[in-house]
Structure formats: C-alpha cells, structure tokens
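Contents: one structure, followed by commentary.
The values are calculated or read from the model by the stated rules, or taken from the named source; none is laboratory data. Since we're looking at a predicted model, the values are computed, not measured. Glycine gets a Cβ as well: all are built from the backbone with ideal geometry, and neighbour counts include every protein chain shown. Calculation scope for accessible area: heavy atoms of the full protein, side chains included, ligands and nucleic acids excluded. Shrake-Rupley method; radii C 1.70, N 1.55, O 1.52, S 1.80 Å.
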Amino acid sequence: MNIILLGAPGAGKGTQAAIICDHLKIPTISTGNIIRAALKSGTEMGLRAKSYMDEGKLVPDEVVIGIIKERLAEDDCKNGFILDGFPRTIPQAEALDKMGVVIDRVVDIEVSDEEIVHRLSGRRVCESCSASYHVTFNKPQEEGKCDLCAGTLIQRMDDHPNTVNERLNVYHEQTEPLRDYYAKQGKLSVVSGEGDISEITRLTLAALEA
C-alpha cells in the first residue's frame, strides 16, 4: 500500500508513520532523511541538491522529486511506502502523478492550530544531551533542568509561538489544498489527531482499510 500522511507540524505524523511502518512492514520516506541520504551517497540528484544547499538556497521541486523517484525505485518500496513531508504543494502532487506513482490512501491527521501551538511552544530541549521535555505533558523533575544530565533546558527557535504560527500559515497556504486534491480522487481520510494516542492510532489504521 502506498500512503501519504498529511498534517501540520506537530500533528503527530511521525508517531503514526512509525506505527504504520511496523504494522504494514513498509518504509517511511521522509523528505529530509532521503535528501541527507542522497547527499551522503553522492547520487546525481544528491549532488544537485548539495549545490543549492551550499549556496543557502531551497532545493527546487524538480530535484526533490528526482530524489524521491530514486528512493521509490529501491527494493524495500516494492510492497508499498509511507510518504511523510512530501508532497507539500499541489505542483509536487501533480509531479508525483506524472511519475506514475499510484497513491492508494492519503491520511490527514487533523489538529487545531491552538493545540499545535500548545504542543510545540511547550517543548523544552536539553542544551547538553538533547533530551526532550514538555511544560505540560512531560515535565522535568526540576524545572529548567534535564533529568538525565542536569543540563539547561531551552526552547528552540522553531518552537517559539510566533515561529510556530508562521509555520502553520505556510502549511495552510501551501499544503492544506492537498486535502481537496486527494479528496477529489477519492483517496482522502481525515483523522482527529487530538486525544489519546491509542485512539488516534486506531482511527489511522481503520482509515487505511476504508
């Protein structure tokens, strides 16, 4: 089964991708991870991506799509895959269709903006060992200090409320239209990403069988 996971930053896609991966025994393909792998292995598309990144530029769609195409041709994708972080835009989705990649199911994990801001802006990370905490869901034993190494807990720039809201605006503008794109193809299932993780997982797995 070929699956796309949609959802705003902080919606919990990574958790659900890992569960689906284990359940169906198919790989999760994250755009960031495969670009890094292509850079490391020195593929043609990886070298093209590196040339843009070295200049501090965004890697253009045609290069990202080329890297995705290389990855989907590998043996472990024969029985299916999970795309997480791609496509991000309608042109990317259209390019995927033109490549002849058949998508069986698109699952959109829906979480309110307010909840996303709460989740991400509440994260704290240890400066020393990178252990992760949350001011509500996973508090350290001593405020501001890591349980593991007593390092200082900080809020990453990406997790500041203003930055989170900017990321959400980009998501709503560029990625959210994919819901209609795949709904028109009869492939979209929307799952609530709020509440108990076991219930979210049950709904996600049920959506794949719909």
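Counting only DSSP H runs of at least 4 residues, each contributing -39500 (n - 2.57), and dividing by the residue count of the chain, the helix-based mean residue ellipticity at 222 nm comes to -13000 deg cm²/dmol.
Using only side-chain charges placed at the Cβ, +1 for Lys and Arg and -1 for Asp and Glu, the dipole size of region 88-169 relative to its Cα centre rounds to 240 debye.
In region 1-52, a dipole from Cβ-located charges (positive for Lys and Arg, negative for Asp and Glu) runs towards its positive end, and of Ala8, Ile20, Thr31 it is Thr31 whose Cα lies farthest in that direction.
Think of region 42-151 as having a plus end and a minus end, set by charges on the Cβ of Lys, Arg, Asp and Glu; of Phe86, Ser112, Val59, Val59 sits farthest toward the positive end of this dipole. Here the chain is assigned +1 on the Cβ of each Lys and Arg and -1 on the Cβ of each Asp and Glu. Its dipole about the Cα centre then comes out at about 420 debye. Taking the C-alpha atoms only, the angle from helix 161-170 to the longest principal axis of the chain is near 10 degrees. Rounded to the nearest 10 degrees, the angle from helix 61-72 to the longest Cα principal axis of the chain is 80 degrees.
Overall shape of region 74-197 was characterised from the C-alpha gyration tensor. The equivalent ellipsoid obtained from it has semi-axes of 35, 17, 14 Å, in decreasing order.
Between helix 31-41 and the chain there is an angle of about 70 degrees, using the helix long axis and the longest principal axis of the Cα atoms. With a Cα cut-off of under 25 Å and a minimum spacing of 8 residues unless on different chains, the lysine pairs in region 70-210 number 4. Remark: region 1-80 carries 54 Å² of accessible area per residue (probe radius 1.4 Å; ligands, DNA and RNA excluded).
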